[in-house]
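Asker: One structure is given below, represented as structure tokens, and several questions about it will come after.
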Amino acid sequence: MSISRVLSVNRGEIAARVVKAAQALGIEAVQAVSQADRESMAAQLADRTVVIGPAPSRLSYLDPKLLVHTALATGCDALHPGYGFLSERAALASLCAEHGITFIGPRPETIAALGDKLEAKALARAAGVPLVPGTDRIADAAAAQAAAETLGYPVLMKASAGGGGRGMFIARSAADLAAGFDKASNEAREAFGDGTMYMERYVENARHVEVQVFGDGKGHVLHFGERDCSIQRRYQKVFEESPCAAMPQALREELHRAALSLVASVKYQNAGTVEFLYDVNRQEIYFIEVNARIQVEHPVSEQVTGFDLIQLQFRVAGGEPLHYTQDQIPVRGHAIECRLNAEDPYQDFRPSPGRITRWQPPRGAGVRVDSHCYDGYLVPPFYDSMIGKLIVTAATRAECVERLQAALARTEIDGLTTNLPLLRHIAQQPDFIDNQLNTRWLETTGLPAFGAKQE
Amino acid sequence: MSISRVLSVNRGEIAARVVKAAQALGIEAVQAVSQADRESMAAQLADRTVVIGPAPSRLSYLDPKLLVHTALATGCDALHPGYGFLSERAALASLCAEHGITFIGPRPETIAALGDKLEAKALARAAGVPLVPGTDRIADAAAAQAAAETLGYPVLMKASAGGGGRGMFIARSAADLAAGFDKASNEAREAFGDGTMYMERYVENARHVEVQVFGDGKGHVLHFGERDCSIQRRYQKVFEESPCAAMPQALREELHRAALSLVASVKYQNAGTVEFLYDVNRQEIYFIEVNARIQVEHPVSEQVTGFDLIQLQFRVAGGEPLHYTQDQIPVRGHAIECRLNAEDPYQDFRPSPGRITRWQPPRGAGVRVDSHCYDGYLVPPFYDSMIGKLIVTAATRAECVERLQAALARTEIDGLTTNLPLLRHIAQQPDFIDNQLNTRWLETTGLPAFGAKQE
Amino acid sequence: MSAGSNIKPQDVEGLIELFKASNWDEMHVQVGEFELFLSNDPKAVGPGKAVAAPAAPLAVSVAAPASAPATAPASIAHAPVTAAIPDGLVAIRAPNLGTFYRAPKPGAPPYVEVGQTISEDTEVCLIEVMKLFAPVAAGLRGVVREVLVKDGQMVEFDAPLILVEPAK
Amino acid sequence: MSAGSNIKPQDVEGLIELFKASNWDEMHVQVGEFELFLSNDPKAVGPGKAVAAPAAPLAVSVAAPASAPATAPASIAHAPVTAAIPDGLVAIRAPNLGTFYRAPKPGAPPYVEVGQTISEDTEVCLIEVMKLFAPVAAGLRGVVREVLVKDGQMVEFDAPLILVEPAK
């Protein structure tokens, strides 16, 4: 291990997790905190804590120069970015590189390339990874109808210059295309000064699946199974699980191959996630994007593989060879994570920061809680509302769901409003229990049922 | 994982560790406790706790039938024995086997064979493992002198029927043998009715080294490096470290080979330790015995290999293949453990049970504390006095020693008398810092210096 | 419930251990009728009555003998053996974890019935551990008022098994 | 070794715990000069002296008092930026973590000297972050009384840099 002291530049549960992982490996952990996080768990656990700026992220966690200055001034030889904040900003990774600090993540050029959606898709295509089938420029309604015959209905028409839904419409038939094409093209021309249209297959019944990958930066890449994160609200994941129990084994293998093929092609370094749309009706997968960092939901992959992925990040960054073969990373059992947020699910998910007067997470077999909270902790109002993650593990998905229900029932948090009632509600839904889910399920079915129950 | 619920039948820190390791794998943990351990940490962490008997071990932790009855009555499919108590009693392992309970440890016949010192030595000899060089029956002083020429002085003369030191003496020269032989033989004849003598090489400057091994029960065996446990008081280890920094690499490899050769020959199953005497002057190793269980000092091996050995015990017992190759278990860095005991080092190590009013173990990079204690915990007077283990890890032994000194300085325990002053004293000794140690060092040098300091 | 009736042998053991672990010279505990005097001085005399000096360095005098215990653990997550014992009744408790049986063998009449008068030596039930059946003696004289445990049920150590109204 | 001299606060605590865990009505421990009387009866009177009945259901009277009390541990391991500011003075503080410089460039005279009168806009030092030098304005009128930080030293956010006696 060539790393001897790391600067942890994130906050919340992931900062506490990073500090503990470093310390377990004998690496000293310095925690950079904003004024608001002086008494945070990461600050208490760290070997040293420095206050880098005031509470607003812009003046603390989001200033790359301030972070690298702190690393240099405290004698750190590495920096762990966590997730969110600057974790996927190539600027931070390259500033670290320029000053001899080991950035615990991918190379800056990888972050930049994968962070650009077009370039990421080009790389995926070059690596033979399937994308959502679509077309180039479409001249008129007739051309659209011809293309749709090939793609299959429903299709999604989009403006090339587009954004914000202008010029976009779903067509379920040739008639829809005839009726909508000119209107949409005109709308796009008015909005963007360019009426060019193109078409994509529209996935009616989609799951969000993603593959946890690791690379040694030299072309050796491994996966740690896939995660199913289909329960989302406004593109925010709420429940995540591993494996994706709804996916047949043959498709799962194709999914893993696709993910590894992409990251191998860029000689990916350290941890990452390749995200896909899983078209359940057609039994196909389409590449979405790569998250070039560790993710919130990484614990479910740890639970089913037995690897500590944060420690592995340190080891790989510290120059250890990634000396496993894929068959040494078997996926065993099932794990589900749900995110505990300080927000009011009855009031449009309004954040509810405040002081936790009673923090009693569940415990027991297969129950893991990753959190930075404790009795008396003040959840500050400046940052995101996640206060912890409940992760349960069991031999099968059915047992795992039961264990999750029991663990949620035993969770007790007083002093602020949380989304615990919603999590309990979801965990009891027949669709959740039977794994009949897609990315629109929560907003179209789960939440309305939750609201109805409360009246 | 074929194990779904385990009975933890030990107490103290190892019970808490076993419960946590099981739960991390999704295995339910039932904790068997005596009346005195109702409020123990393991009892609090477990999914279920049952009180099996009164405080005395004989009526609780040392009754194999009571333990297996408890496992059956609580629906457990496995039993973890911890260390000490019945962990190396073949009777418990076979009673488990008879009733379909997976005993998390070696097969009963392995425990029985290795538990018999003569049989263990015979197995070692058959596997080509070196033993302390010695002789068969020696007729008289002249024969002893001839044998000693071959073995090399000093030698140890022992009574074949012996025990308790009767008939035993150390000879450093032919004259010593001439002077002592008849007297010792007569002494043995008077004491045991048998004056037969034999001879062994006497190791003047000995270290205790041991190899952590794991077997799949089918002949595939792996080692997890060696430990040096030379700091002992009355054969009780006080400090343990890994690797043995005093041993040259070539001898280390021989040590590992010897250990693996022995356990492979018995198709060893699960975790074990092969203990050796390391003759520093002659640069040789001699087999002592096998501990067919997990040991107190296993954490130093975990620290330098990155494996969780308790979880691995569960995995192997649950039928998972031991799918590593030896080169995937590299030893990195250095780790030292010391044992915190509730005993008074100024009063002949008298146990000092009582209530802990302040329990503030150290923390930070490379600092790990395995303990069952907490603020307000009552250390009961019925069992051994260990209240925890402090384990520090760093890149080199020198850094590790510094970190240990700092960690010991930060340890605060109030409410009862502990051996902390002795641990601090040892950690500061030049001999310890320079690794100039042997198994007699603590009693002949370390402790006298400690006593002197107090006057 | 009177104070003295609740002292158990384990409590005395605990106090003795506490005393041994300390470096006090003597210790005197008085709880209702129960009185315990511990001293490191073999010639020590308890604060109420004279005690013959024993050979051992630890002098112990226990006044009121132990009868029926009932302790409640404080902060334990899984409360095992707790049950409110009605006033005036005393519980016969399990000597260890095991399976409770009311009768010597299946189909046989139970050892004791409610209403039956028993004495110290009366066997009141069996506790089985791995086919080893150990009879439990009443330990006191009185009348059986309730059998708290079902036949074949697992009981933990110290679990109340049978309620007895002690003879006056 | 006298008996009373060896009673520790923890011993008393231990005995109280023992008593609490029991369902005894009262407990009396006498060790040399040390005397402990515990009762669940708030009106209970110790065996030597009268005790005022407290509100709590547990009455404790300790004769020979304990000396050293157990202390509570502080919650945070690394106390960050705290320094006592003398009465009547005000600190100019660091706007963020960075390196403190007293002068605009090496060798140049410092922005301010002790004794100098400053106004709100007076630049008093530089805070550098990765070669980005940001001047710090005084923010108040007054007289510089002390410069707390050495040139080139790392300061955390909110660290006091310069003490100023504000103008009346």
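Asker: Filter the stretch C:126-145 down to residues that are on the phi > 0 side of the Ramachandran plot and touching a residue at least 12 places away in the same chain (Cβ under 8 Å) and give me whichever is surrounded by the fewest Cβ atoms within 10 Å (Cβ to Cβ).
Answerer: As a first pass, look at the stretch C:126-145 and keep what is on the phi > 0 side of the Ramachandran plot: C:130-131, C:139, C:142.
Imposing the further condition that a residue be touching a residue at least 12 places away in the same chain (Cβ under 8 Å) reduces the set to C:139, C:142.
Values: C:139: 18, C:142: 21.
Once the filter is applied, the top-ranked residue is C:139.
Asker: Among the listed residues B:218, B:183, B:121, identify the single one that is out of contact with any helix residue (DSSP H, G or I) (no Cβ under 9 Å at 6 or more places or on another chain), in a loop (DSSP other than H, G, I, E, B) and not assigned by TED's automatic domain parsing to the domain that holds residue B:96. Let's see the steps before the verdict.
Answerer: Values: B:183 fails: in a loop (DSSP other than H, G, I, E, B); B:121 fails: in a loop (DSSP other than H, G, I, E, B).
Sole residue among the options that is out of contact with any helix residue (DSSP H, G or I) (no Cβ under 9 Å at 6 or more places or on another chain), in a loop (DSSP other than H, G, I, E, B) and not assigned by TED's automatic domain parsing to the domain that holds residue B:96: B:218.
Asker: Follow-up question, since we're still on this one. Given the structure, is residue A:357 buried (at least 19 other Cβ atoms within 10 Å of the Cβ) and in contact with a strand residue (DSSP E or B) (Cβ under 6 Å, 6 or more places away or on another chain)?
Answerer: no
Asker: Sticking with this one: How many residues are more than 9 Å from chain D (Cβ to nearest Cβ) and assigned to a helix (DSSP H, G or I) if we restrict to the stretch A:45-62?
Answerer: Total satisfying the criteria: 2.
Asker: Right, another one. For residue B:344, indicate whether it is away from chain A (no Cβ under 14 Å) and touching a helix residue (DSSP H, G or I) at 6+ places or on another chain (Cβ under 8 Å).
Answerer: Considered against the rule, which asks whether it is away from chain A (no Cβ under 14 Å) and touching a helix residue (DSSP H, G or I) at 6+ places or on another chain (Cβ under 8 Å), residue B:344 comes out as no.
Asker: Here is a further query. Between B:274, B:238, B:263, which is under 20 Å from residue B:112 (Cβ atoms), part of a strand (DSSP E or B) and among the hydrophobic types (A, V, I, L, M, F, W, C)? Explain how you work it out, then say what you get.
Answerer: Numbers: B:238 fails: under 20 Å from residue B:112 (Cβ atoms); B:263 fails: part of a strand (DSSP E or B).
Sole residue among the options that is under 20 Å from residue B:112 (Cβ atoms), part of a strand (DSSP E or B) and among the hydrophobic types (A, V, I, L, M, F, W, C): B:274.
Asker: I need the full set of residues from the stretch B:1-44 which are of a type in the set (A, V, I, L, M), within 14 Å of residue B:75 (Cα to Cα) and assigned to a strand (DSSP E or B), in order please.
Answerer: Within the stretch B:1-44, B:6, B:7, B:29, B:30, B:32 meet the criteria.
Asker: Given the criterion within 14 Å of chain A (Cβ to nearest Cβ), of a type in the set (Val, Ile, Thr) and more than 25 Å from residue A:29 (Cα to Cα), identify the matching residue among B:396, B:357, B:305, B:325. First the steps, then the outcome.
Answerer: Details: B:396 fails: more than 25 Å from residue A:29 (Cα to Cα); B:357 fails: within 14 Å of chain A (Cβ to nearest Cβ); B:305 fails: more than 25 Å from residue A:29 (Cα to Cα).
Sole residue among the options that is within 14 Å of chain A (Cβ to nearest Cβ), of a type in the set (Val, Ile, Thr) and more than 25 Å from residue A:29 (Cα to Cα): B:325.
Asker: Mind listing whichever residues of the stretch B:384-414 are among the polar types (S, T, N, Q), touching a Gly at 6+ places or on another chain (Cβ under 8 Å) and buried (at least 19 other Cβ atoms within 10 Å of the Cβ)?
Answerer: Scanning the stretch B:384-414 gives a single hit, B:393.
Asker: A follow-up question, please. Just to confirm my filter: which helices (runs of 4 or more DSSP H) fall fully inside the stretch A:63-118 and include at least 3 residues that are away from chain D (no Cβ under 14 Å) and farther than 24 Å from residue D:128 by Cβ?
Answerer: Hits in the stretch A:63-118: A:108-115.
Asker: It is to be established whether one or more residues within the stretch A:100-110 are surrounded by fewer than 17 Cβ atoms within 10 Å (Cβ to Cβ) and not assigned by TED's automatic domain parsing to the domain that holds residue A:27.
Answerer: There is at least one residue in the stretch A:100-110 that is surrounded by fewer than 17 Cβ atoms within 10 Å (Cβ to Cβ) and not assigned by TED's automatic domain parsing to the domain that holds residue A:27.
Asker: Have a look at A:294, A:310, A:288 and point out the one that is touching a residue at least 12 places away in the same chain (Cβ under 8 Å), assigned to a strand (DSSP E or B) and among the aliphatic types (A, V, I, L, M).
Answerer: A:288
Asker: Report yes if some residue within the stretch B:310-329 is surrounded by 18 or more Cβ atoms within 10 Å (Cβ to Cβ), in contact with a Lys or Arg (Cβ under 7 Å, 6 or more places away or on another chain) and on the phi < 0 side of the Ramachandran plot; otherwise report no.
Answerer: Looking for residues that are surrounded by 18 or more Cβ atoms within 10 Å (Cβ to Cβ), in contact with a Lys or Arg (Cβ under 7 Å, 6 or more places away or on another chain) and on the phi < 0 side of the Ramachandran plot, one finds at least one in the stretch B:310-329, hence yes.
Asker: Identify, by number, the condition in (1) among the hydrophobic types (A, V, I, L, M, F, W, C); (2) more than 13 Å from chain A (Cβ to nearest Cβ); (3) within 14 Å of residue B:101 (Cα to Cα) that residue B:15 doesn't meet.
Answerer: (3)
Asker: Here's something else I'd like to know. Can you name the residue in the stretch A:190-211 that is more than 33 Å from the chain's Cα centre (by Cα) and either modelled with pLDDT of 95 or more or surrounded by fewer than 17 Cβ atoms within 10 Å (Cβ to Cβ) (or both) and, of all such residues, is farthest from residue A:273 (Cα to Cα)? Spell out how you get there, then give the answer.
Answerer: Initial filter on the stretch A:190-211 (more than 33 Å from the chain's Cα centre (by Cα)): A:190, A:193-195.
Subset that is either modelled with pLDDT of 95 or more or surrounded by fewer than 17 Cβ atoms within 10 Å (Cβ to Cβ) (or both): A:190, A:193-194.
Working: A:190: 38, A:193: 36, A:194: 35 Å.
Restricting to residues being more than 33 Å from the chain's Cα centre (by Cα) and either modelled with pLDDT of 95 or more or surrounded by fewer than 17 Cβ atoms within 10 Å (Cβ to Cβ) (or both), the top hit is A:190.
Asker: Condition check: touching a Leu at 6+ places or on another chain (Cβ under 6 Å) and assigned by TED's automatic domain parsing to the domain that holds residue A:155. Does residue A:141 satisfy that?
Answerer: Working: touching a Leu at 6+ places or on another chain (Cβ under 6 Å): yes; assigned by TED's automatic domain parsing to the domain that holds residue A:155: yes.
Answer is yes for this residue.
Asker: If you don't mind, another one. Quick one: is residue A:444 under 23 Å from the mean Cα position of the chain (by Cα) and farther than 26 Å from residue A:304 by Cβ?
Answerer: Spelling it out, residue A:444 is indeed under 23 Å from the mean Cα position of the chain (by Cα) and farther than 26 Å from residue A:304 by Cβ.
Asker: Out of B:183, B:158, B:237, which single residue is under 30 Å from residue B:306 (Cβ atoms) and of a type outside the set (Gly, Ala, Ser)?
Answerer: After ruling out the rest, the residue left standing is B:237.
Asker: Turning to a different aspect of this structure: When the residues of the stretch B:415-433 are narrowed to those that are of a type in the set (Val, Ile, Thr) and in a loop (DSSP other than H, G, I, E, B), which ends up surrounded by the fewest Cβ atoms within 10 Å (Cβ to Cβ)? Spell out how you get there, then give the answer.
Answerer: Start the filter on the stretch B:415-433 by keeping residues that are of a type in the set (Val, Ile, Thr), which leaves B:417-418, B:426, B:433.
After this cut, where a residue has to be in a loop (DSSP other than H, G, I, E, B) as well, the list is B:417-418.
Details: B:417: 20, B:418: 23.
Checking each candidate, the answer is B:417.
Asker: Tally up the residues in the stretch B:124-162 that are part of a loop (DSSP other than H, G, I, E, B), exposed (fewer than 13 other Cβ atoms within 10 Å of the Cβ) and not acidic (Asp, Glu), please.
Answerer: Adding up the residues that qualify gives 4.
Asker: Can we say residue B:335 is modelled with pLDDT of 95 or more, part of a strand (DSSP E or B) and within 11 Å of chain A (Cβ to nearest Cβ)?
Answerer: In short, yes.
Asker: Can you pull out every residue in the stretch B:261-305 that is buried (at least 20 other Cβ atoms within 10 Å of the Cβ) and of a type in the set (Gly, Ala, Ser)?
Answerer: Hits for the stretch B:261-305 are B:271, B:272, B:292, B:301.
Asker: Can you tell me how many residues in the stretch A:362-383 are without any contact (Cβ under 8 Å) to a residue 60 or more places away in the chain, surrounded by fewer than 21 Cβ atoms within 10 Å (Cβ to Cβ) and either part of a strand (DSSP E or B) or touching a Ser or Thr at 6+ places or on another chain (Cβ under 6 Å) (or both)?
Answerer: Number satisfying all stated conditions: 2.
Asker: How do the pairs read when you match residues in the stretch A:328-354 that are free of Cβ contacts under 8 Å to residues at least 40 places away in the same chain with residues anywhere that are among the hydrophobic types (A, V, I, L, M, F, W, C) and in a loop (DSSP other than H, G, I, E, B), using Cβ under 6 Å and keeping only pairs 6 or more apart or on different chains?
Answerer: Short answer, once both residue conditions are applied: none.
Asker: Evaluate the following for residue D:47: is it farther than 30 Å from residue A:31 by Cα, of a type outside the set (S, T, N, Q) and at pLDDT below 80?
Answerer: Spelling it out, residue D:47 is indeed farther than 30 Å from residue A:31 by Cα, of a type outside the set (S, T, N, Q) and at pLDDT below 80.
Asker: I've got another one for you. If I ask for residues that are within 25 Å of residue B:391 (Cα to Cα), free of Cβ contacts under 8 Å to residues at least 60 places away in the same chain and among the aliphatic types (A, V, I, L, M), which ones from the stretch B:239-258 would you list?
Answerer: B:247, B:255, listed by residue number.
The values are calculated or read from the model by the stated rules, or taken from the named source; none is laboratory data. These figures come from a predicted structure and were not determined experimentally. Counting neighbours? That spans all protein chains shown, and the Cβs are built from the backbone with ideal geometry, glycine included.
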